[in-house]
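First up is the structure itself, then whatever we jot down about it.
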Amino acid sequence: MNANSEWNIQSRAPACQACGERFIDRQPCHTLLRFVDAGYQRTDLCEKCFPNHTTADGIHSSWKGIYQAPPPPSQKTARKEDVETLLRRLVEEKDPANIQIIFVLSVMLERKRILVERAVHTEPDGSRQYVYEHRKSGDTFIVADPELQLDRIDGLEEQVAYQLAQTARKEGQAEP
Ligand SMILES: [Zn+2]
């Protein structure tokens, strides 16, 4: 597996991926994560369908969550970049140079109880990936473990603060 497929964000499906029934707000649902050649494959299932899929090959982990309906589009207003939007942007950019900062952002969001760790996957070569789930949206964040020394984390947190300040400044300039 190459570095570009080691981390990604996978959103919770709006409907059960077996029976196709749409999830409703506050409905319990199950997430299965399979580790396949192409990387992680996520499947979201309703409670009825889940028992039929738990014995499928290659299941890496599964957990039960509560579906939360996304807010209506009118409530989605542009926000200044914060730790979460910075994490989403960096994961989507897939630049291996950001692997350490991505990890630090994930840890910051876990401390804020925005993300919850769902699984840790260890490759045959010993490299690890953390699987985080967003508590509200159910999005899965797959993040490579950069095996940071503790003394590196402080410097990276400063770098994060700097990046956030930079984007806030740029957005400030863009305002009329
Ligand atoms: Zn179903």
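Which residues in the stretch 136-169 place their backbone N less than 20 Å from a point set 7 Å from the Cα of residue 116 along the Cα-to-Cβ direction? Residues 136-143 fall inside that zone.
Note that the stretch 78-176 presents 57 Å² accessible area per residue, ligands and nucleic acids not counted, probe 1.4 Å. Hey, for a label at residue 66 modelled as a point 7 Å past Cα toward Cβ, could you say which residues of the stretch 10-40 have their backbone N under 16 Å away? Flagged as within label range: 24-31. Of the peptides 34-40, 105-111, the ranking by mean beta-carbon count within 10 Å, highest at the top, reads 105-111, 34-40.
Using a probe of 1.4 angstrom, how much of the accessible area of the stretch 10-74 is carbon and sulfur, in percent? Within the stretch 10-74, the accessible surface is 51 percent carbon and sulfur.
The values are calculated or read from the model by the stated rules, or taken from the named source; none is laboratory data. Just so we're clear, the structure is a prediction, and the values are computed from it rather than from any experiment. Positions of Cβ are backbone-derived with ideal geometry, glycine not excepted, and every protein chain shown enters the neighbour counts. Each accessible area value is taken on the protein alone, full model and side chains, heavy atoms only, with ligands, DNA and RNA left out. Shrake-Rupley method; radii C 1.70, N 1.55, O 1.52, S 1.80 Å.
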